[in-house]
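*Asks:* Got a structure for you, written out below as structure tokens; questions coming shortly.
The values are calculated or read from the model by the stated rules, or taken from the named source; none is laboratory data. Just so we're clear, the structure is a prediction, and the values are computed from it rather than from any experiment. Positions of Cβ are generated from backbone atoms using ideal geometry, with glycine treated the same way; all protein chains shown enter the neighbour counts.
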Ligand code: G4P
């Protein structure tokens with residue numbers, strides 16, 4: 001059969017054609033797949049829009065993610081989803097970008113940039129984390145006035161855990177904020193990431209004149225002076241001036257920037273590619289997404305420094321190279337986008353080979369064939385058919401009932417990638433069927449939502465099957481469960497908050513003793529792992545101290 005990848009000559013096998021492996025390597029090499037991690041309101045939507053503007057995907061800012069009064073596509077979609085209680089979709093914006101300094105020269109490279117959107121909701125869910133398994137780099141977007149905020153920190157921890165290199169962008173420099181050195185200190189001290197600015201602001205926060213490009217050893221290489229455009233709707237014109245010209249034009253403001261840049265160097269804060277890729281340092285850019293200042297520099301940095309897609313380790317520890325036959329990892333499943341059609345979209349990130357629409361691939365978890373006739377790219381409401389995709393690209397698959405986050409798809413050469421770690425839940429609730437008559441439907445819905453990873457489902461003998469416990473990273477996941485059960489299974493479950501706030505992994509030997517403790521209850525998760533839910537951290541500390549022989553291991557925590 002096609003799905004097992006026999007040697008039918010006509011079958012597209014990703015790399016079977018002569019020269020195909022080389023082509024895949026070249027396509028992978030020019031790709032950059034990243035996400036923006038930020039706290040709500042730091043300017044992620046504005047930046048996405050500005051990036052699209054610079055990549056010429058749109059001609060005027062405001063077209064991609066509009067706020068009230070602007071042309072809008074994505075925001076409408078998000079509103080619609082929010083109204084329905086369904087989590088905001090992960091979408092991927094793909095665009096071509098040519099670095100400005102090589103455009104038109106013999107060295108010109110057209111990069112393909114995939115910006116994978118993290119859900120923009122103020123609530124948190126596992127989806128947000130899973131997106132980060134699909135990217136090769138992250139942009140940490142910080143509000144110049146607020147510095148590091150809680151959600152940025154959480155997401156940063158996930159990047160660190162996964163070894164994803166991080167580029168830092170300090171946004172809203174057009175508004176009064178902290179001093180640049182203060183902001184860098186905060187990053188260094190609170191998260192232990194050494195900031196190594198590539199560009200330094202000329203003018204304090206609120207008086208953003210331009211950027212000093214730092215050369216080797218922190219010398220001022222040039223001054224990039226920006227000019228505002230009306231409402232920031234168009235790319236801000238840039239003037240490139242020599243340090244002498246900058247001095248003549250900006251006087252003390254320039255001198256101060258140049259001195260600070262030298263200070264950074266004496267402190268060892270210069271970019272080091274190896275340390276950046278190892279997740280120990282982070283290149284920093286100051287920007288105003290709203291005014292389109294520094295946005296081109298962000299794109300140039302990403303295509304120059306961020307890593308292209310690389311081989312990924314399979315469960316058996318063998319590496320799936322980018323030019324191996326097609327393989328991909330599902331990182332998100334989205335349902336309920338169109339309830340009338342029971343629409344289910346699975347988003348996969350291509351790991352190796354060429355994806356061609358219509359290909360029949362194998363679903364590693366079931367060994368069953370999966371037809372990819374309906375492959376899409378999805379960005380906001382916009383969907384278009386995908387014909388081909390390469391390592392690093394994100395493709396949405398329609399009618400993907402069997403696919404769940406972490407699943408592998410492949411052709412020809414069997415591979416299975418490790419599951420996506422589930423993050424430590426912090427919110428717990430009991431789920432009850434509304435009536436006994438609906439129990440069968442209820443059961444089916446619970447199993448489905450569990451397998452999709454919408455929430456983690458926990459059970460124990462005391463509570464029984466009719467009232468399993470849901471565990472989630474963010475409470476909005478519960479609303480998604482309720483909304484989907486109603487829309488897709490016609491059951492109206494009751495959800496009751498449970499007074500636990502943390503979970504620890506335990507074992508059978510410790511379970512009985514733990515169940516005897518006040519404020520503790522042991523459950524089995526559907527993957528078989530035993531979890532002890534604990535009321536609060538003081539209770540946990542008490543037990544750890546009094547009963548040190550019990551197993552209570554932290555889960556992969558994002559906090
Ligand atoms: P988010 O997706 O991260 O939640 O942030 P979003 O882009 O929606 O931006 C949040 C607010 O910050 C918006 O203002 C936006 O205009 C503003 N903003 C984003 N980048 C910059 C910047 O570089 N400089 C300044 N001064 N403001 C910025 P809002 O009042 O909530 O919306 P709107 O009325 O401006 O549309």
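*Asks:* Say we look at the stretch 486-516 and pick out the residues that are in contact with a helix residue (DSSP H, G or I) (Cβ under 6 Å, 6 or more places away or on another chain) and touching a residue at least 60 places away in the same chain (Cβ under 8 Å); which of these is surrounded by the most Cβ atoms within 10 Å (Cβ to Cβ)?
*Replies:* Per the criteria, the residue is 493.
*Asks:* Hey, another quick one. Within the stretch 7-17, does at least one residue satisfy the condition of being out of contact with any helix residue (DSSP H, G or I) (no Cβ under 9 Å at 6 or more places or on another chain), at pLDDT 60 or above and either closer than 23 Å to residue 352 by Cβ or surrounded by fewer than 17 Cβ atoms within 10 Å (Cβ to Cβ) (or both)?
*Replies:* no
*Asks:* Further question on the same structure: Out of the helices (runs of 4 or more DSSP H) lying entirely within the stretch 436-516, which hold 1 or more residues that are more than 27 Å from the chain's Cα centre (by Cα) and at pLDDT below 90? Reasoning before the result, please.
*Replies:* Values: elements: 439-452, 476-489, 508-516.
Result: 439-452, 476-489.
*Asks:* Six or more apart or on different chains, Cβ atoms under 7 Å: show the pairs whose first residue is in the stretch 347-369 and on the phi > 0 side of the Ramachandran plot and whose second is in a loop (DSSP other than H, G, I, E, B).
*Replies:* From residues that are on the phi > 0 side of the Ramachandran plot, the pairs are 353/14; 353/15; 353/324; 353/325; 353/326; 358/372; 358/373.
*Asks:* Name the residues in the stretch 517-554 that are crowded, with 17+ Cβ neighbours inside 10 Å and either assigned to a helix (DSSP H, G or I) or out of contact with any helix residue (DSSP H, G or I) (no Cβ under 8 Å at 6 or more places or on another chain) (or both), would you?
*Replies:* Answer for the stretch 517-554, where residues must be crowded, with 17+ Cβ neighbours inside 10 Å and either assigned to a helix (DSSP H, G or I) or out of contact with any helix residue (DSSP H, G or I) (no Cβ under 8 Å at 6 or more places or on another chain) (or both): 523, 525, 531, 533, 535, 539, 540, 543.
*Asks:* Now for a separate question. Go through the stretch 278-298 and count every residue that is away from the ligand (no atom under 16 Å from the Cβ) and closer than 24 Å to residue 96 by Cβ. Full working, then the answer.
*Replies:* Looking only at the stretch 278-298, we keep the residues that are away from the ligand (no atom under 16 Å from the Cβ), and these are 278-283.
Those left that are additionally closer than 24 Å to residue 96 by Cβ: 283.
Summing the residues that are away from the ligand (no atom under 16 Å from the Cβ) and closer than 24 Å to residue 96 by Cβ in the stretch 278-298 gives 1.
*Asks:* For the stretch 398-419, name all the residues that are modelled with pLDDT of 85 or more and outside any loop (DSSP other than H, G, I, E, B).
*Replies:* Filtering the stretch 398-419 for residues modelled with pLDDT of 85 or more gives 403-419.
Correct list: 408, 409, 410.
*Asks:* May I pose another question? Name the residues in the stretch 253-310 that are in a helix (DSSP H, G or I), in contact with a strand residue (DSSP E or B) (Cβ under 7 Å, 6 or more places away or on another chain) and farther than 18 Å from residue 213 by Cβ, would you?
*Replies:* 275, the sole residue that qualifies.
*Asks:* Could you check residue 422 against (1) at pLDDT below 90; (2) farther than 23 Å from residue 150 by Cα; (3) in contact with a strand residue (DSSP E or B) (Cβ under 9 Å, 6 or more places away or on another chain) and say which number it fails?
*Replies:* (2)
*Asks:* Here's something else I'd like to know. Does residue 383 meet the test of being farther than 21 Å from residue 452 by Cα and either outside any loop (DSSP other than H, G, I, E, B) or modelled with pLDDT under 85 (or both)?
*Replies:* On the way: farther than 21 Å from residue 452 by Cα: yes; either outside any loop (DSSP other than H, G, I, E, B) or modelled with pLDDT under 85 (or both): yes.
Spelling it out, residue 383 is indeed farther than 21 Å from residue 452 by Cα and either outside any loop (DSSP other than H, G, I, E, B) or modelled with pLDDT under 85 (or both).
*Asks:* Still on this structure: In this structure, does residue 483 turn out to be under 27 Å from residue 438 (Cα atoms) and touching a helix residue (DSSP H, G or I) at 6+ places or on another chain (Cβ under 6 Å)?
*Replies:* no
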